[in-house]
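This report refers to the structure that appears directly beneath it.
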Amino acid sequence: EVEPEPDPDPVEAEVGDLVFSELMVNPEVVEDEIGEWVELYNTSGSTIDLDGYSFHDLDFDQYTLGSVLVTANDYVVLCASLDPGLNGGIPCDGFFVRTTTDLPAGMALGNDGDEVVLSRPDGVIIDQVLYDGTWFTPGVATGLDPTLLDAENNDDETMWCDEVTTVPGASEPGTPGLVNDPC
């Protein structure tokens with residue numbers, strides 16, 4: 001069986017075409033500033049380029065992403081550090097600056113609760129997840145059940161669970177870029 005070629009011409013995402021599917025909010029092996037990461041899943045049948053999209057929360061954190069292609073029905077991992085030697089062994093597809101007191105702009109994942117939002121360059125919100133401190137365990141990624149990969153289910157805390165699988169080379173449980181563990 002021959003795999004179909006990926007769509008060579010990226011399209012603009014519509015609401016729900018990309019959904020947050022896994023979050024490493026509070027790594028313990030490395031500092032949050034270099035160990036935070038998020039995974040997005042492309043629910044559409046087309047390739048989407050994240051160039052110019054905003055990764056932000058609902059108050060002041062914001063980072064404009066560079067070009068990262070997300071093929072149809074595939075995952076992309078955005079990390080605070082692209083270097084697996086520094087970030088806890090996570091293979092990353094794209095980068096976001098994590099907010100620190102020294103930087104005027106960036107995106108941090110709040111450990112006591114926060115929001116992760118992805119918006120198109122024109123401001124249309126593609127997906128968002130509002131979480132509190134009960135959604136995750138420190139040092140463990142939390143993932144959306146792989147049978148529930150859509151923008152409605154990822155708003156419900158009961159559809160998320162701690163990951164138990166650790167990808168090769170990683171220091172803490174999580175499945176960045178791979179199918180999540182079932183809940």
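General observations
- Some residue of the stretch 62-76 being more than 15 Å from residue 17 (Cβ to Cβ), among the polar types (S, T, N, Q), in contact with a strand residue (DSSP E or B) (Cβ under 9 Å, 6 or more places away or on another chain) and surrounded by 14 or more Cβ atoms within 10 Å (Cβ to Cβ): yes
- Going through (1) touching a residue at least 24 places away in the same chain (Cβ under 8 Å); (2) among the hydrophobic types (A, V, I, L, M, F, W, C); (3) surrounded by fewer than 18 Cβ atoms within 10 Å (Cβ to Cβ) one by one, residue 40 falls short only on (3).
- Residue check, residue 142 polar (S, T, N, Q), at negative phi and over 16 Å from the mean Cα position of the chain (by Cα): no
Residues checked against (1) in contact with a Gly (Cβ under 7 Å, 6 or more places away or on another chain); (2) farther than 17 Å from residue 20 by Cβ; (3) free of Cβ contacts under 8 Å to residues at least 40 places away in the same chain; (4) crowded, with 18+ Cβ neighbours inside 10 Å:
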residue	(1), (2), (3), (4)
78	yes, no, no, yes
116	no, no, no, yes
120	no, no, no, yes
141	yes, no, no, yes
163	yes, no, no, yes
182	no, yes, yes, no
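- Going through (1) in contact with a strand residue (DSSP E or B) (Cβ under 6 Å, 6 or more places away or on another chain); (2) open to solvent by 60 Å² or more (accessible area, probe 1.4 Å) one by one, residue 147 falls short only on (1).
- Residue count for the stretch 7-28, restricted to those that are open to solvent by 20 Å² or more (accessible area, probe 1.4 Å) and part of a strand (DSSP E or B): 1.
- Among residues of the stretch 43-57 being assigned to a loop (DSSP other than H, G, I, E, B), touching a residue at least 24 places away in the same chain (Cβ under 8 Å) and not polar (S, T, N, Q), the one that is nearest to residue 116 (Cα to Cα) is 57.
- Subset of the stretch 109-166 [aliphatic (A, V, I, L, M) and over 18 Å from residue 73 (Cα atoms)]: 109, 116, 117, 124, 125, 129, 130, 140, 141, 159, 164
The values are calculated or read from the model by the stated rules, or taken from the named source; none is laboratory data. The shown structure was predicted, so the numbers you read here are calculated from the model rather than taken from an experiment. Cβ: placed from backbone, ideal geometry, glycine included. Neighbour counts: every protein chain shown. Heads up: the accessible areas ignore ligands, DNA and RNA and are worked out on the full protein's heavy atoms, side chains in. Shrake-Rupley method; radii C 1.70, N 1.55, O 1.52, S 1.80 Å.
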